[in-house]
Structure formats: structure tokens, C-alpha cells
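Okay, structure first, notes after.
The values are calculated or read from the model by the stated rules, or taken from the named source; none is laboratory data. None of the values given here were measured: they were computed from a predicted structure. Cβ: placed from backbone, ideal geometry, glycine included. Neighbour counts: every protein chain shown. Ligands, DNA and RNA are excluded from the accessible area calculation, which covers all protein heavy atoms including side chains. Shrake-Rupley method; radii C 1.70, N 1.55, O 1.52, S 1.80 Å.
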Amino acid sequence: MSVEVVNKADKINLMNLDRQGLREFFTGLGEKPYRADQVMKWIYHRLESDFDNMTDLGKSLRAKLAESCYVGPPNVLFEKASTDGTHKWLLGMDGGNAIEAVYIPEPTRGTLCVSSQVGCGLNCTFCSTATQGFNRNLSAAEIIGQVWVAAKHLGNVPHQRRRITNVVMMGMGEPLMNFDNVVTAMNNMRDDLGFGLANKRVTLSTSGLVPQIDKLSTAADVSLAVSLHAPNDELRTELVPLNKRYPIDELLAACQRYVSTRPRATITFEYTLMKGINDKPEHARQLVKLMRRLPSKVNLIPFNPFPGTRYERSDPEAIAAFQAILNQAGLVAPVRRTRGDDIDAACGQLKGQVLDRTRRSATFRKQLEEQGNTHAA
Ligand code: SAH
């Protein structure tokens, strides 16, 4: 698309719409809905953003589209490859912000970790995103755009040459605080005319917003992961302050409701292991009791440190002992191998560039200075 006169402000970015939205948009232009399907394939299968190259559309339609809309994936500001094959993109977002997306290749799958907000509004004490404060929700286009950029780089072709087989909403932000945009983007991840991923291979991870878990249950058929991190309310409230509002009992009840309408589904519980905090055998035994309530799997994540944090990663022996207790009780509990930590792409290490509106980042920096820590973010 020629850029000279594209004033994006009054045009719609088609990546903000899912199939239904696109069809409505095309009908509104006086076009047949199947045209929307054609365009969708161009965007997500052939990764084309220029209407001029959408050769089966006809010249007049292409001109009409260029007048009213555009296909706008995010700009890549910077990218970095890890020695283990992990790849990270820093993507520019409107308003001077930037977020990160990370690709993690494994022998049998390729997982893309996607952000949902610039920064995060929650205050989990062990997460580096929390120290950066919050700016805004990402648009649906900015969310699906992360998949688009990675797909283009990796040469992904839906249904044929799958480089991205899984998407996890586990980057920056709390996806359920950006509900509508996240659902629209996840629709495009799973649509055959979009990236064509299987429902269960798209995973939304939440810190535990109970009402929105119920809302998600009818809005999108995706896998659910829950950041638990502690087996009792006292400790969880310390690590995930949202627990005060939605304590463990209520959270697990919402998870039970979520799986009750999905016959073979399990919930993945994320449990970040921090030395001397939540990694003792008694914690593992408490966790086993909680997990008996529903079909579940526990992902054990060794804590990833970041400048200024007061937590440390658990010792390998403590991790092994913790895992053994879960396994003996019949629970599936893999330890997540730390990937991409040489490029700061591991869980809880994503930084981006957050123009903070909450002053939380300033408070954190002040604390760091007081501790005499000079490599502050
Ligand atoms: N806000 C959502 C999505 C973020 S997912 C959620 O909380 O689920 C990122 C996962 O990594 C969460 O489980 C988060 O708790 C975990 N995490 C955050 N900081 C971490 C750190 N420093 N080390 C290891 N895991 C961390």
C-alpha cells in the first residue's frame, strides 16, 4: 500500500476484526461477505498487508479498500535470537510503547508467547512486568499482529508448514483485563481462515479474575492456565495480591465450572518456585490436596530473577523434591525448562518499553536506589 496519503487515524485496521467483524465491515461497504473471507486468507495465510497484491480482488475493490481501511501489523523495533533457538521480537506500539513476543521452538511444537497489555495493572510481587507499571490495553490488531510478525519471520503457512503450533497468552499483561480484544485476537488464531490453530493449542493464562473466567467460558473455547504460585490464601495474597479479592476456593470453583462444560479439558496451574517462600514439602502437600478438586496439571517454573527482586530461584534439590511429592500423588507436574534467559525472554523477564501511567515503576526504582542496586531497569 502506498503510504503517502494513508491517514490511519480515520481508517480501520482490518486486523482488529475477526471473521464475523470483517464480514460485517464488507457488507457495510456494499460487498459480498465472501470477499471478507478472501481478504482474511491474504492477511493470515499469505501474510500480505498490501491490498495491491491481493490479486483476486479486482482493481476497484482494492481501491475502495485502500480508501477505508488498511492491514497494519506492528513494526519490529528489534529482534534477538537465543542460542537455544528462542527468538524475541520487540514490537513498537502506538504512543511510544513497545512490547515483546517470544517464540520457543521444541522438537514437536513451536510456541509463541504473546502479550496482551503494555505493562500490567496487577502487582504480583515476583514479576518484572509489575515493576514497570501499566500504560494501556493492546488492540486486537496489536495482539494478533504479534503472531503475524512471528509467522512472517518463520515462514509459517497455516495447515501446511506450521512453525507456530501453539500460542500462549503469557507475555506482558493480564489478558482477562483486556477481554474483548483478547477474544477477537484468539478467534483469529483459531479460525481456519486465520492461523488455524486447534482450540486447545491456544492458552490463556490468568492471575485469577473469577468473573472473567466465567465470561470466557462461553466466549471462547480455549485452554485455561491459572497462575497459582501458592497453596494457601495467606501466601498467595502475598505473592498475587488479587487473591484478596478472589481467594483460592473461589478461584478453584471457577476453574471447576470452566472444565465442567469441556469434557476432556484440564486446567494448567502455574507454580513459580521461589527459594524458601513456596517451595517446601508442606507446600507441595497442600497443593496436592487442592489439585484433587479438579482435572489439573501443574507447571513448575523455576523463578527467573530480574534486577532488584527480593526473591531467588529454588535450589534444584528443592525443585526435585517438590515435583516428587506431586508425582507420587499422581499429578502431572513438569518443570518448565528455562528457555531464552540469555536474551531476557524467560517467564517474568519480558520488559518492552512501558510509558508508565501508574507511578509504580518510579516507586520501584526508588526502592532499588535505596537498596544501593545500580543496575536498575
Ligand atoms: N497475567 C497473566 C499472564 C502472564 S503469564 C498471568 O498472571 O497468568 C506469565 C507467567 O509467568 C505467570 O504465571 C507469572 O506468574 C509467571 N512469572 C512472572 N514472573 C515470573 C518470574 N520472575 N519467574 C518465573 N515466572 C514468573
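Exactly one condition in (1) touching a Phe, Trp or Tyr at 6+ places or on another chain (Cβ under 8 Å); (2) at pLDDT 95 or above; (3) open to solvent by less than 70 Å² (accessible area, probe 1.4 Å) is not met by PHE26; state its number.
Here PHE26 meets the rest and fails (1).
If you scan region 215-233, which residues turn out to be open to solvent by less than 70 Å² (accessible area, probe 1.4 Å), within 18 Å of the chain's Cα centre (by Cα) and more than 15 Å from the ligand (Cβ to nearest atom)?
SER217, ALA219, ALA220
Just to be sure before I move on: is TYR271 closer than 11 Å to ALA333 by Cα, in contact with a strand residue (DSSP E or B) (Cβ under 6 Å, 6 or more places away or on another chain) and within 12 Å of the ligand (Cβ to nearest atom) in the structure I sent?
yes
Only one residue in ARG313, ARG236, ARG257 is more than 14 Å from the ligand (Cβ to nearest atom) and either open to solvent by 50 Å² or more (accessible area, probe 1.4 Å) or without any contact (Cβ under 8 Å) to a residue 40 or more places away in the chain (or both), so which one is that?
From the options ARG313, ARG236, ARG257, the qualifying one is ARG257.
For region 30-49, how many residues meet the condition of being surrounded by fewer than 15 Cβ atoms within 10 Å (Cβ to Cβ) and not in a helix (DSSP H, G or I)?
Selection size over region 30-49: 3.
Does SER115 meet the test of being in contact (Cβ under 8 Å) with a residue 24 or more places away in the chain and buried (at least 23 other Cβ atoms within 10 Å of the Cβ)?
It is true that SER115 is in contact (Cβ under 8 Å) with a residue 24 or more places away in the chain and buried (at least 23 other Cβ atoms within 10 Å of the Cβ).
Would you check which residues across region 92-132 are within 9 Å of the ligand (Cβ to nearest atom), in contact with a helix residue (DSSP H, G or I) (Cβ under 8 Å, 6 or more places away or on another chain) and not in a loop (DSSP other than H, G, I, E, B) and list them?
Let us first name the residues in region 92-132 that are within 9 Å of the ligand (Cβ to nearest atom), namely 113, 115-117, 120, 122, 124, 126-130.
Subset that is in contact with a helix residue (DSSP H, G or I) (Cβ under 8 Å, 6 or more places away or on another chain): 115-117, 120, 122, 124, 126, 130.
Once the filter is applied, which keeps residues that are within 9 Å of the ligand (Cβ to nearest atom), in contact with a helix residue (DSSP H, G or I) (Cβ under 8 Å, 6 or more places away or on another chain) and not in a loop (DSSP other than H, G, I, E, B), region 92-132 yields GLN117, ALA130.
Which numbered condition trips up GLY119, out of (1) in contact with a Ser or Thr (Cβ under 7 Å, 6 or more places away or on another chain); (2) over 28 Å from THR237 (Cβ atoms)?
Of everything listed in (1) in contact with a Ser or Thr (Cβ under 7 Å, 6 or more places away or on another chain); (2) over 28 Å from THR237 (Cβ atoms), GLY119 misses just condition (2).
Please enumerate the residues belonging to region 294-309 that are open to solvent by 60 Å² or more (accessible area, probe 1.4 Å) and at pLDDT below 95.
The answer is PRO305, and nothing else.
Have a look at ARG201, ARG161 and point out the one that is farther than 18 Å from GLN38 by Cα and without any contact (Cβ under 8 Å) to a residue 24 or more places away in the chain.
Unique residue meeting the criteria: ARG161.
Can you name the condition, by its number, that GLY352 falls short on among (1) of a type outside the set (A, V, I, L, M, F, W, C); (2) out of contact with any helix residue (DSSP H, G or I) (no Cβ under 6 Å at 6 or more places or on another chain); (3) on the phi < 0 side of the Ramachandran plot; (4) open to solvent by less than 30 Å² (accessible area, probe 1.4 Å)?
(3)
Name the one entry in VAL149, VAL168 that is within 26 Å of PRO231 (Cβ to Cβ), surrounded by fewer than 23 Cβ atoms within 10 Å (Cβ to Cβ) and either at pLDDT 95 or above or of a type in the set (Phe, Trp, Tyr) (or both).
VAL168
So, in region 137-188, of the ones that are in a strand (DSSP E or B) and over 19 Å from VAL102 (Cβ atoms), which residue ends up farthest from the chain's Cα centre (by Cα)?
Filtering region 137-188 for residues that are in a strand (DSSP E or B) and over 19 Å from VAL102 (Cβ atoms), the one farthest from the chain's Cα centre (by Cα) comes out as ARG161.
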